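Participant: One structure, as structure tokens, below. Some questions next.
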Amino acid sequence: MSACLLAVLSLVYQGVICGHIALSHIRRNISLRGHGIAVAGLAIGCISILLWLILITPILGIATSKLGNTTAIDKSMHVQADVQAIKTQLQLYESMNGFFPATEQGLQALVTQPQNDPHPTRWYQLFKELPKDPWGSDYIYRNPGLKNPGGYDLYSAGPDRQADTADDDWGGG
């Protein structure tokens with residue numbers, strides 16, 4: 001559809017340009033007729049440009065809002081991928097040690113060996129560094145969780161970077 005609009009616009013611009021050329025040619029040569037037709041062509045061309053601008057502005061607005069929504073979806077997918085990767089490493093940590101890291105140890109227990117209780121019996125570095133959420137914040141980890149009292153909570157604080165608010169992103173789970 002956008003190619004069709006561009007084609008119409010190019011014809012409108014050509015019509016306006018040709019109308020200007022014809023009108024100036026008619027003005028220089030009084031014996032030529034068609035002054036009224038040239039003016040009508042110019043008027044129709046100008047009205048067409050205005051209508052085209054009136055139509056294209058909302059279309060561009062909609063396209064821009066869709067692109068903004070795509071960015072939000074992209075960030076949500078980024079959180080989902082990170083949360084899944086961290087959950088996988090937490091499962092591995094739990095399978096090697098019989099427990100998940102405590103809240104105080106946090107996700108840092110996947111990067112450096114915890115020095116406080118509970119001490120892991122078979123520790124292995126599972127991340128060189130922890131991923132950050134799309135807003136540059138650390139992921140929030142709690143064990144036991146508030147949302148999942150029988151397990152742990154793992155989520156991004158979201159765009160406001162404040163934990164336990166409406167915009168928290170739990171990575172789809």
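Participant: Please rank Leu60, Leu126, fewest neighbouring Cβ atoms within 10 Å first, as an exposure proxy.
Facilitator: Neighbour counts put them in this order, fewest first: Leu60, Leu126.
Participant: Could you give the length gained by full extension between Ala85 and Gln113, i.e. 0.36 nm per residue of separation minus their alpha carbon distance, to one decimal place?
Facilitator: On the way: separation 28, 0.36 × 28 = 10.08 nm, distance 1.90 nm.
Separation in residues times 0.36 nm, less the Cα-Cα distance, equals 8.2 nm.
Participant: Applying a 10 Å radius around every beta-carbon, put 91-97, 113-119, 75-81 in order of their mean neighbour count, most first. Mind dumping the intermediate values first?
Facilitator: Working: 91-97: 14.4, 113-119: 11.3, 75-81: 16.6.
In descending order of packing, they fall as 75-81, 91-97, 113-119.
Participant: Whole-Hz ³J(HN,Hα) for each residue in segment 145-159, computed from phi via Karplus 6.51 cos²θ - 1.76 cosθ + 1.60 with θ = phi - 60°, x for glycine and proline: what do you get?
Facilitator: x, 7, 7, 10, x, x, x, 10, 9, 9, 6, 9, 6, x, x
Participant: Moving on. How high is the relative contact order of segment 74-155? Use alpha-carbon pairs under 8 Å, at least six apart in sequence, and give a whole percent.
Facilitator: Computed over segment 74-155, the figure is 25 percent.
Participant: Lysine pairs, Cα distance under 21 Å, 8 or more residues apart or cross-chain: how many in segment 74-155?
Facilitator: 5
A short reminder: the numbers here are calculations on the coordinates, not readings from a lab. Please read these numbers as outputs of a predicted model, since none were measured by experiment. Using ideal geometry, Cβ is built from the backbone for each residue, glycine included, and neighbour counts are taken over all protein chains shown.
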